[in-house]
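Have a look at the structure below before the remarks.
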Amino acid sequence: MSLVLFRQIFVMFIMMGMGAALIYTKLLKPEDSRILSVLCIYIINPCVIINAFQIDFTPEVRSGFLYTLALYTVAIFALMLLSGVCAKLFGLDSVERASVMYSNTGNLVVPIVMAVFGSEWVIYASAGMSVQLVFMWTQGNHLMSGEKGIKWKKILTNINLIAVAFGLFLLATGLRLPALVTSALDQMSDMMGPANMIMIGMLLTGVRWKEVLTHPRTWLVAALRMLVMPVIMFLMMYVSRCYTLVPEGRTLTYIAYMALITPVATSITQLAQLHRNRPEYAGAVNALTTLMCIATMPLMTELYMRGIGMG
């Protein structure tokens, strides 16, 4: 698993380098990365969501899916509370608090789940991704935009939430989209990782790395995201023994846990770009946590295996 993880992270950094090369060769400007953010948010992400739900919803899949859905929902609420406590203790701003809360459930978890467990387990990773998307485009978007009050019309008409609702409808009813549509969704979904990484690479060319890497705030946020929160989440799972509730509970719980130990969600950088809320800083925190995960994800996995195990 460590080898698969290292390879995936290395691939991500190569794609980020390609994005940076576009800037250094003056083919594009750093501000052009906003175009990719809009493309990811309004086209690619919805395609990924809908495509993930195009599977057979057997009783076994249903129980595992609902368990993972419930587990990750509880985890998100816990992260919301914990990030609020951290905000008061350390004076976290909106970018920092969102970075502590939201992890990379799509670009990193889905490929690893496919490589380690097989494609039939991706639906459970999609459950966590769906929960996070709902919170991301409600609480997260509200936090990053700085708008007062909740604008329900804007939330309910958000294309990503509409995609989640439509995907759940297809999953529950067993309906399948036409082959041509599915093929288009597949090909658009394949763009998710590259487009996100190229966009972040473009943003990072504007980061003053010496200031970022020598600034305690960046390391504080990274430590909270990659070490403190995963350990707290593990203790909650270990003490509650939630993994005993369903068959294959240890494996399902680990898939949910994997989503909690990944780097900061690339969507945070997208939202920062969209709302012009320090996108360079958000991208720098994302890159630092992605680099840290080479060491922290295997460490957190070893903690899980020793405490809960697999099977």
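The values are calculated or read from the model by the stated rules, or taken from the named source; none is laboratory data. Worth saying up front: this structure is predicted, and the values here are computed from it rather than measured. For neighbour counting, all protein chains shown are included, and Cβ atoms are generated from backbone atoms with ideal geometry for every residue, glycine included. For the accessible areas, the whole protein counts, side chains as well, though only heavy atoms, and no ligand, DNA or RNA atoms are used. Shrake-Rupley method; radii C 1.70, N 1.55, O 1.52, S 1.80 Å.
Under 10 Å, Cα contacts only: if you run a Gaussian network model on the chain, which one of M191, M15, M226 comes out with the highest mean-square fluctuation?
M191
DSSP loop (so not H, G, I, E, B), at most 11 other Cβ within 10 Å: list which trypsin sites (Lys or Arg not before Pro) in the stretch 1-50 pass both filters.
Loop-located and lightly packed - K26.
Using +1 on the beta carbon of Lys and Arg, -1 on that of Asp and Glu, and nothing else charged, what's the dipole of the chain about the Cα centre, debye to 20?
For the chain, the charge dipole is close to 740 debye.
What is the diffusion coefficient of the stretch 151-190 in µm²/s, taking the Kirkwood radius over Cα pairs and the Stokes-Einstein relation at 37 °C with a viscosity of 0.692 mPa s?
In µm²/s, the coefficient is 284.
Check L92: other-chain or 5+ apart residues with amide H under 5 Å from its amide H, H built from backbone geometry?
A87
What's the carbon and sulfur percent of the stretch 1-115's accessible surface, probe 1.4 angstrom, rounded to a whole number?
72
Fully extended, how many nm does the chain gain between L89 and L235 (0.36 nm per residue separation, minus their Cα-Cα distance)?
50.4 nm
What whole number of Å gives the distance from the Cα centroid of the stretch 28-45 to the Cα centroid of the stretch 221-265?
One Cα centre to the other: 31 Å.
Please sort 270-279, 37-46 by packing, taking for each peptide the average over its residues of neighbouring beta carbons within 10 angstrom, highest first.
Averaged packing, sorted descending, gives the order 270-279, 37-46.
Roughly how big is the stretch 87-224's charge dipole about its Cα centre, with Cβ charges of +1 (Lys, Arg) and -1 (Asp, Glu), in debye to the nearest 20?
500
What aspartates and glutamates does K29 reach when the alpha-carbon gap must be under 17 Å and sequence neighbours fewer than 8 apart in one chain are set aside?
Once the sequence-local aspartates and glutamates are set aside, what remains near K29 is E280.
Whole number in Å², please: accessible area per residue of the chain, 1.4 Å probe, ligands, DNA and RNA not counted.
Ligands and nucleic acids excluded, the figure is 45 Å² per residue.
Could you work out how much longer the chain between D56 and S183 gets when fully extended? Use 0.36 nm per residue separation minus the Cα distance between them, nm to one decimal.
Here the answer is 44.0 nm.
Relative to the Cα centre, what is the charge dipole magnitude of the stretch 222-311, using +1 at the beta carbon of each Lys and Arg, -1 at the beta carbon of each Asp and Glu, and rounding to the nearest 20 debye?
Magnitude of the dipole: close to 140 debye.
Please tell me the relative contact order of the chain in percent, rounded to the nearest whole number, where contacts are Cα pairs under 8 Å and at least six residues apart.
33
Rounded to the nearest 500 deg cm²/dmol, what is the calculated helix-only ellipticity per residue at 222 nm for the chain, with -39500 (n - 2.57) per DSSP H run of length n ≥ 4?
Counting only the DSSP helices, I get -22500 deg cm²/dmol.
Tally up the carbon and sulfur contribution to the accessible surface of the stretch 179-311 as a whole percent, 1.4 Å probe, everything protein left in place.
65
In the stretch 80-96, which residues have a backbone nitrogen under 13 Å from the label point lying 7 Å from T214's Cα in the Cα-to-Cβ direction?
Answer for this model: none.
Note the listed values (i) 33, 57, 10; (ii) 22, 44, 30, 5, 0; (iii) 34, 61, 6, then indicate which one is P(r) over Cα pairs in 20 Å bins from 0, in percent calculated from this particular structure.
Of the labelled values, this structure produces (iii).
What residue among I50, C86, Y67 has its Cα farthest toward the positive end of the dipole of the stretch 1-153, where the charges are +1 on Lys, Arg and -1 on Asp, Glu, each on the Cβ?
Looking along the dipole axis, the top candidate is C86.
Gaussian network model of the chain, Cα springs within a sub-10 Å range: biggest mean-square fluctuation belongs to which of G128, G146, G283?
In the Gaussian network model the winner is G146.
Count neighbours as other Cβ atoms within 10 Å of each site's Cβ, and list the trypsin sites (Lys or Arg not before Pro) in the stretch 208-252 that are DSSP loop with at most 13 such neighbours.
The qualifying sites are R208, R241.
Once amide H atoms are placed 1.01 Å from N in the peptide plane, what residues at a sequence separation of 5 or more from S103, or on another chain, have their amide H within under 5 Å of its amide H?
When sequence neighbours closer than 5 places are left aside, the close amide H contacts are A265.
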